[in-house]
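The structure under discussion appears below in the form of structure tokens.
Please treat every number below as a calculation from the coordinates, not as lab data. As the structure is a prediction and not an experimental result, all values here were calculated from the model. With ideal geometry, Cβ positions are generated from the backbone for all residues, glycine too; neighbour counts draw on all protein chains shown.
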Number of protein chains: 2
Amino acid sequence: MEQAHTRLIAHLNERIAAPDNTPLYLKFAETVKNAVRSGLLEHGNILPGERDLSQLTGVSRITVRKAMQALEEEGVVTRARGYGTQINNIFEYSLKEARGFSQQVVLRGKKPNTLWVNKRVVKCPEEVASQLSVAPQSDVFLLKRIRYVDEDAVSIEESWVPAGLIHDPDAIGISLYDYFRSQNIFPQRTRSRVSARMPDSEFQEHISMDDKIPVLVIKQVALDQQHRPVEYSISYCRSDLYVFVCEE
Amino acid sequence: MEQAHTRLIAHLNERIAAPDNTPLYLKFAETVKNAVRSGLLEHGNILPGERDLSQLTGVSRITVRKAMQALEEEGVVTRARGYGTQINNIFEYSLKEARGFSQQVVLRGKKPNTLWVNKRVVKCPEEVASQLSVAPQSDVFLLKRIRYVDEDAVSIEESWVPAGLIHDPDAIGISLYDYFRSQNIFPQRTRSRVSARMPDSEFQEHISMDDKIPVLVIKQVALDQQHRPVEYSISYCRSDLYVFVCEE
């Protein structure tokens with residue numbers, strides 16, 4: 001950690017000295033983001049205090065504070081009163097808005113990607129049928145995607161949608177919810193069940209990680225304005241990268 | 001599983017033949033509950049179909065169905081259309097009502113217990129202070145309890161409560177929320193963050209389990225009517241026994 005701080009200060013001084021007109025607090029914030037991107041700073045690391053940062057870079061405390069505020073607004077750091085500033089490198093899983101995921105990844109200076117593995121009509125399995133309130137064996141779309149951060153797969157998501165709600169699967173881009181909205185379907189409420197287990201062989205096939213890291217399993221039913229189930233999904237997420245959040 | 005079914009049928013026939021006036025569907029339901037309690041039936045096991053149960057016990061299908069409905073209402077089984085009847089032996093963690101936990105345990109034919117490990121005033125740690133909106137190092141109650149099902153510890157829960165909200169810690173029984181209500185404090189909203197990790201040595205000290213089972217970590221802030229934080233809690237739960245549920 002000490003060494004990371006020393007290197008961060010070196011990067012900061014280098015960036016601050018660069019002859020361009022970028023405001024100082026932005027140079028500062030940008031350098032911290034790059035340090036997270038490169039892995040120099042990791043989730044949970046605490047940054048040096050504002051006073052130290054100011055003294056070691058010759059930048060005023062007001063500017064340091066402004067940089068920290070900007071980083072906090074972007075979700076790159078968390079600041080707790082009197083506790084210091086902590087790197088936040090975890091993705092929050094809440095509503096299944098692809099934009100939510102992509103935004104969070106981009107804000108951490110990384111590149112999000114979503115790969116559709118499957119978009120096809122299947123006979124609805126019994127467990128899913130009861131969640132979607134459709135007849136077992138009726139036609140449903142199975143949408144399966146893998147989410148990536150840079151080159152690393154971080155989660156697998158399977159969604160089942162009653163076939164009548166999707167007219168053109170090719171029109172579904174990164175966000176299933178954007179497609180829903182284009183069809184005047186507005187998912188409003190979500191019921192979630194969150195559990196954990198060790199990765200199975202199928203998960204490990206897609207996602208290479210230390211097999212000592214549990215998988216967070218999130219099962220959600222999304223309901224539209226008329227409380228009609230429009231999607232049932234099961235997401236398998238690396239628990240070292242995701243936290244499930246909800247407010248009720 | 002086949003063997004479990006054979007033994008279940010034997011227990012059913014024995015109970016049905018017993019010379020007492022308990023209605024048949026209750027004898028039936030009671031026998032299934034006892035089979036869960038004894039471990040003969042486990043979470044996720046699927047019961048024989050209604051037709052088979054009827055034929056193998058000589059009890060009418062209407063009575064079998066009535067028994068299944070009673071078990072479903074008590075949360076002992078889950079029935080999915082066309083899928084059959086599945087044993088449900090998982091505890092749902094939602095609002096932190098002790099009654100919720102106790103009820104769920106009792107309904108599964110088991111004995112709940114809560115052991116207070118700690119009820120004392122401490123200086124508020126920084127992480128907790130920011131969640132409770134109190135000054136770091138101010139006085140807060142730390143309440144720590146271990147929950148048991150029969151003889152087995154299943155979760156550890158730590159709660160922090162601003163000291164001013166608890167006048168008599170000895171008056172806190174199994175349910176902190178009952179105590180809150182007696183003080184005219186009504187927790188209304190909850191913010192939750194759910195993650196998973198492998199059990200650490202402290203968890204394993206209290207809870208003996210296969211160390212391949214992850215721990216579900218649930219962090220919650222409870223807010224009262226005025227949106228004032230009244231409790232911050234961190235619960236560590238066996239992930240083979242708990243699922244976190246929420247609706248938003």
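Taking amide hydrogens as placed 1.01 Å from N in the peptide plane, the amide H of B:GLU231 sits under 5 Å from those of B:ALA222, each at least 5 positions away in sequence or on another chain. Quick one: helix B:98-107 against the long Cα principal axis of chain B, what's the angle to the nearest 10°, folded into 0 to 90? For helix B:98-107, the angle is close to 10 degrees.
Normalised by 2.2 N^0.38 Å, where N counts its residues, the alpha-carbon radius of gyration of the protein assembly as shown equals 1.13.
Shape of the range B:107-248 from its Cα gyration tensor (a ≥ b ≥ c, root eigenvalues): rounded if a/c is under 1.5, otherwise prolate when a/b > b/c, or oblate? The shape class here is prolate.
Mark the label point 7 Å from the Cα of B:ALA18 along Cα→Cβ and return the residues of the range B:39-72 whose backbone N is within less than 19 Å of it. It comes to B:39-41, B:57-60, B:64, B:67-68, B:70-71, nothing else. To the nearest ten degrees, helix B:2-17 and the longest principal axis of the Cα atoms of chain B are 80 degrees apart.
What is the distance in Å between the Cα centroid of the range B:226-241 and that of the range A:189-209? Rounded to whole Å, the Cα centres lie 23 Å apart.
Over the range B:94-180, the ratio between the Cα radius of gyration and 2.2 N^0.38 Å evaluates to 1.19.
Within the shell defined by Cβ-Cβ distances under 13 Å, the residues around B:GLN225 carry a net charge of +2, with Lys and Arg each +1 and Asp and Glu each -1. Helix A:61-73 and the longest principal axis of the Cα set of chain A meet at an angle near 10°. When you count the other C-beta atoms within 10 angstrom of each residue and take the mean per peptide, B:159-168, A:28-37, A:110-119 line up highest first as A:28-37, B:159-168, A:110-119.
Equivalent ellipsoid of chain A: semi-axes from √(5λ) of the C-alpha gyration tensor, largest first, are 42, 18, 16 Å. Taking a ≥ b ≥ c as the square roots of the eigenvalues of the Cα gyration tensor, the range B:1-88 is rounded, since a/c falls below 1.5.
Annotation: the antiparallel percentage among DSSP beta bridges lying fully within the range A:90-243 is about 95.
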